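Colleague: Let me begin by handing over the structure; questions about it come next.
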Amino acid sequence: MTATPVLSTYYQHSVADYWNSEQNPVNLRLGEVDGIYHHHYGIGEADWSVLEGPEENREKRVIEELHRLEHAQADTLISKLGPLRPDHRVLDAGSGRGGSSLLVNLRYGCHVDGVSISESQVAFANEQAERRGVADKVRFHFRNMLDTGFETGSFQAIWNNESTMYVELSLLFAEHSRLLSRGGRYVCITGCYNDAYGLPSRAVSQINAHYICDIHPRSTYFKELAANRLVPINVIDLTAATIPYWELRAKTKLATGIEEAFLEAYRDGSFQYLLIAADRI
């Protein structure tokens, strides 16, 4: 266990409070499709026919399609984690309700530790692992991803899926670098603001306010990766690929009011959706 408090700042307490009380249907209803609960967005071409046909089951069709796009995003991240074996140990930093961790174990059979500062999400995710009979290999912990307390060099791969905007990247990548074995892989999918645009746009500021987060500039990711012995080997711009997800979500009852800000920021070039994979040297 860590010797320091899990929550060490007022801001971390506010983020934990937000996610402890979060019961957003766009997260919960989609997870009910197959018991894999994600806390991220989707990528890929949408099947717009789900908006057609009988109205009585339209919402069910839309939910299943949005969940399919979520899965496509998770699969894209997971495919970049490198060659993993069942004896490997991997870390889901900011694990939410556990969907990505369960998928990684399902694909590779490896040991997965997830960490979150939301106690309610940790409890939920551990319950999902129990239900699937994988709690011996997939475990979720109430810990801070900036100071996990895990052993140095004990992980073959680490990922952040839309969770880096809640922390300082210098601290995060220093901890990841400590935890990864030499040659280990780090992958993140994240929204970042485009330095070439200038300061964060109005739409990016709206997203920050909605999720009480602090979206980083694109350049900071590469600066702090390099400072912490993490060398990018793959950078994929997923901005165009995520727009259909947001367009579909905006047309449904699951919309939360933030959809237009995302679409505006993606379309005007002030915001980008990136996958970054890096090796620990």
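Colleague: Once Lys and Arg get +1 and Asp and Glu get -1 on their Cβ, which of Leu103, Leu230, Ala16 lies farthest toward the positive end of the dipole of the chain?
Modeller: About the Cα centre, the residue reaching furthest to the positive side is Leu230.
Colleague: How high is the relative contact order of the chain, given as a whole-number percent (alpha carbon pairs under 8 Å, six or more residues apart)?
Modeller: 20 percent
Colleague: When only alpha-carbon atoms are used, what values of Rg and Dmax, in angstrom, describe region 1-78?
Modeller: 17.0, 57
Colleague: About the Cα centre of region 138-281, how large is the charge dipole given +1 on each Lys and Arg Cβ and -1 on each Asp and Glu Cβ? Please answer in debye to the nearest 20.
Modeller: Working: 14 positive and 15 negative charges, 76 e Å.
Using Cβ point charges on Lys, Arg, Asp and Glu, region 138-281 gives about 360 debye.
Colleague: Shifting gears a bit: In vacuum, with every alpha carbon of region 14-161 counted as one equal point scatterer, what does the Debye formula give for log10 I(q)/I(0) at q = 0.14 Å⁻¹? Two decimals, please.
Modeller: The computed values of log10 I(q)/I(0) come out as -0.68.
Colleague: With no solvent and one equal point scatterer placed on each C-alpha of region 88-187, evaluate the Debye formula and give log10 I(q)/I(0) for q = 0.12, 0.14, 0.15, 0.21 Å⁻¹, two decimals.
Modeller: -0.33, -0.45, -0.52, -1.03
Colleague: For the charge dipole of the chain, defined by +1 on Lys and Arg C-beta atoms and -1 on Asp and Glu C-beta atoms about the Cα centroid, which residue among Ile215, Tyr245, Ser170 has the Cα displaced farthest towards the positive pole?
Modeller: With unit charges placed on the Cβ atoms, the residue in question is Ser170.
Colleague: Accessible area, 1.4 Å probe, largest first: how do Tyr245, Tyr18, Tyr197 sort?
Modeller: Values: Tyr245 5, Tyr18 65, Tyr197 115 Å².
Ranking Tyr245, Tyr18, Tyr197 by accessible area, largest first, yields Tyr197, Tyr18, Tyr245.
Colleague: Show that you can apply the helix-only estimate: for the chain, add -39,500 (n - 2.57) for every DSSP H stretch of four or more residues, divide by all residues, and state [θ] at 222 nm to the nearest 500.
Modeller: Details: 10 runs with 116 residues, N = 281.
Computed ellipticity for the chain at 222 nm equals -12500 deg cm²/dmol.
Colleague: For the full complex of protein chains and a 1.4 angstrom probe, list Asp195, Asp136, Asp214 by accessible area with the highest value first.
Modeller: On the way: Asp195 60, Asp136 115, Asp214 90 Å².
So the residues, ranked largest to smallest area, are Asp136, Asp214, Asp195.
Colleague: Given the C-alpha centroids of region 21-81 and region 186-215, what is the distance between them in whole angstrom?
Modeller: That distance is 23 Å.
Colleague: Okay, moving on. When the accessible area of the chain is computed with all protein chains present and a 1.4 Å probe, what percentage of it is carbon and sulfur?
Modeller: Carbon with sulfur: 53 percent of the solvent-accessible area.
Colleague: Right, something else. For Cα extents along the principal axes in Å, the choices are (i) 50, 39, 34; (ii) 54, 48, 37; (iii) 52, 52, 32; which was calculated from the structure?
Modeller: (ii)
Colleague: Can you quote the Å³ per residue value for the convex hull of the Cα atoms in region 94-250, rounded to an integer? Please report the intermediate quantities before stating the final value.
Modeller: Values: hull volume 21.9 nm³, N = 157.
Value for region 94-250: 139 Å³ per residue.
Colleague: Val112's amide H: which non-local residues (gap 5+, or another chain) put their own amide H closer than 5 Å, with H modeled 1.01 Å from N in plane and none for Pro or chain starts?
Modeller: Amide H neighbours of Val112, under 5 Å, 5+ apart: Val90, Val138, Arg139.
Colleague: Give me the accessible area per residue for the chain, probe 1.4 Å, as a whole number in Å². Kindly include the intermediate steps, with their values, before the conclusion.
Modeller: Working: 11920 Å² over 281 residues.
Computed with neighbouring chains in place, this is 42 Å² per residue.
Colleague: Ranked highest first by the average count of other Cβ atoms within 10 Å around their residues, in what order do 44-50, 264-270, 96-102 fall? Don't skip to the answer; put the middle values down first.
Modeller: Values: 44-50: 15.1, 264-270: 17.4, 96-102: 27.7.
Ranking the peptides 44-50, 264-270, 96-102 by packing returns 96-102, 264-270, 44-50.
The values are calculated or read from the model by the stated rules, or taken from the named source; none is laboratory data. Since this is a predicted model, take the numbers as computed values, not measurements. Neighbour counts run over all protein chains shown; Cβ positions are idealised from the backbone, glycine included. We work out accessible area using only protein heavy atoms, side chains counted, and drop any ligands, DNA or RNA first. Shrake-Rupley method; radii C 1.70, N 1.55, O 1.52, S 1.80 Å.
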